[in-house]
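Please treat every number below as a calculation from the coordinates, not as lab data. Quantities reported herein were computed from a predicted structural model and do not represent experimental measurements. Using ideal geometry, Cβ is built from the backbone for each residue, glycine included, and neighbour counts are taken over all protein chains shown.
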Amino acid sequence: MALPIIIDCDPGIDDAIALLSAFVSPELNILGICAVCGNQPLERTVRNALQITELGGRSDIPVYAGCYRPMFRAPIHGQFHGQNGLGKTELPPPVKEVESLHAVNFLIESCESAIARQEKITLCSLGPLTNLATALSMKPSIAGGIERLVLMGGAYREAGNRSMTSEFNMLADPHAAHVVFSSQIPTVVLSLDATHQAILTPEHVARFIAVSGRISQPLGELMAFWDRNDVRRYGSRGGPLHDPLVIAYLLAPALFTTEKARVFVEHESELCMGQTVADWYGKSGQEPNVEIVTHVNAEKVFALFYGLLARYAENS
């Protein structure tokens with residue numbers, strides 16, 4: 001049976017790659033896509049989500065518009081996604097329309113329905129945690145309908161990527177992250193510690209273009225724009241494969257090593273706002289609340305994605 005999931009995202013180039021990979025994974029039953037303010041303002045992340053579902057041939061998946069700003073702070077947006085969030089890639093205007101139900105209500109209703117059926121849903125968070133934190137603030141009981149949360153966010157042994165200490169998704173809404181990490185939801189975290197082990201190099205991009213059939217042109221454009229050209233930080237040309245690793249973890253968890261820790265999110269100090277602090281050795285006296293991915297088998301992860309995205313050639 002396919003795993004029922006909800007993808008909460010802020011597309012975003014790496015969100016787009018993650019979504020396109022999930023669309024061709026029969027192991028995943030995507031119940032809906034929730035958009036949130038993050039890499040771009042909400043209006044644009046919703047539009048991008050609609051365009052990506054159409055590019056991937058998955059107009060059957062409903063898209064819901066979520067929170068238009070963080071819980072308490074002014075919005076910030078991504079620096080590496082271009083003016084429209086998808087680099088220089090121009091996709092056709094979406095034909096598909098966003099659902100009338102708010103993403104927060106969709107999350108609540110989906111979890112409550114799962115509880116009523118004595119089932120659970122896996123949540124995949126690729127952006128700021130505003131939608132989920134708002135849902136939990138309104139109905140804490142929905143945690144009972146969540147099997148686990150697999151999220152991309154945070155930085156522990158790695159430095160931050162948006163500030164000296166903080167990863168973008170956490171800095172974009174640190175109060176939401178605090179709410180989520182304070183909940184009892186079983187959580188797996190793919191932080192910069194993990195994503196910096198999987199760098200999408202120009203050589204990878206060339207291979208993806210060669211195998212991805214009808215989406216090869218837009219996929220190649222997205223991936224090429226993602227090249228940070230920061231050899232000093234990443235050790236090579238390219239950019240970290242952030243959000244797609246959430247999908248890879250769902251499909252092949254054996255390719256990842258995790259370590260349990262208690263995580264705290266700084267939401268008061270401006271100097272370290274959004275910093276995720278891991279208690280690896282029990283100094284806080286509190287039990288671990290998350291599993292942090294500490295090692296990625298990058299070679300096999302890329303092989304997984306080659307196989308997934310090649311399905312667009314098979315279905316052409």
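Expressed as a whole number of Å, what is the distance separating the alpha-carbon centroids of segment 29-44 and segment 145-176?
17
Out of residues 5 or more away from Leu28 or on other chains, whose amide H comes under 5 Å of its own, with H placed 1.01 Å from N in the peptide plane?
Result for Leu28 returns Leu3.
So which of Lys96/Lys139; Lys96/Lys260; Lys139/Lys300; Lys88/Lys260 end up more than 32 Å apart, counting from Cα to Cα? Could the numbers behind the result be given before it?
Numbers: Lys96/Lys139 30 Å; Lys96/Lys260 41 Å; Lys139/Lys300 39 Å; Lys88/Lys260 39 Å.
Distance filter (> 32 Å) returns Lys96/Lys260; Lys139/Lys300; Lys88/Lys260.
Per DSSP helix of 4 or more residues, -39500 (n - 2.57); summed, then divided by the residues of the chain. What does that give at 222 nm, rounded to the nearest 500?
Numbers: 13 runs with 113 residues, N = 316.
Mean residue ellipticity, 222 nm, calculated: -10000 deg cm²/dmol.
Please give me, ordered by residue number, the GluC sites (Glu not before Pro) of segment 86-119 that lie in loop per DSSP and have at most 12 other Cβ atoms within 10 Å.
On the way: sites: Glu90, Glu97, Glu99, Glu109, Glu112, Glu119; in loops: Glu90, Glu97, Glu99, Glu119.
Those satisfying the criteria are Glu90, Glu97, Glu119.
Order by neighbour count: Cys34, Cys124, Cys111, fewest other Cβ atoms within 10 Å first, most last. Walk me through the intermediate numbers first.
Working: Cys34 33, Cys124 26, Cys111 23.
Lowest count first: Cys111, Cys124, Cys34.
Please arrange Leu55, Leu255, Leu20 by counting, for each residue, the other beta carbons lying within 10 Å of its beta carbon, fewest first.
Arranged by neighbour count, lowest to highest, Leu55, Leu255, Leu20 become Leu255, Leu55, Leu20.
Out of all DSSP beta bridges with both ends in the chain, state the antiparallel percent to the nearest 5.
On the way: 12 of 38 bridges.
In the chain, approximately 30 percent of DSSP beta bridges are antiparallel ones.
At a 10 Å Cβ-Cβ cut-off, how would you order Ser125, Ser212, Ser113, fewest neighbours first?
Numbers: Ser125 29, Ser212 24, Ser113 13.
By the 10 Å Cβ count, ascending, the order reads Ser113, Ser212, Ser125.
Within segment 242-277, which GluC sites (Glu not before Pro) sit in a loop by DSSP and count at most 15 neighbouring Cβ atoms inside 10 Å?
On the way: sites: Glu259, Glu266, Glu268, Glu270; in loops: Glu266, Glu268, Glu270.
Sites meeting the loop and neighbour criteria: Glu268, Glu270.
Pop a pseudo-label 7 angstrom from the Cα along the beta-carbon direction at both Thr257 and Glu97 and give the gap in nm to one decimal.
Placing both labels 7 Å beyond Cα along the Cβ direction yields 5.2 nm.
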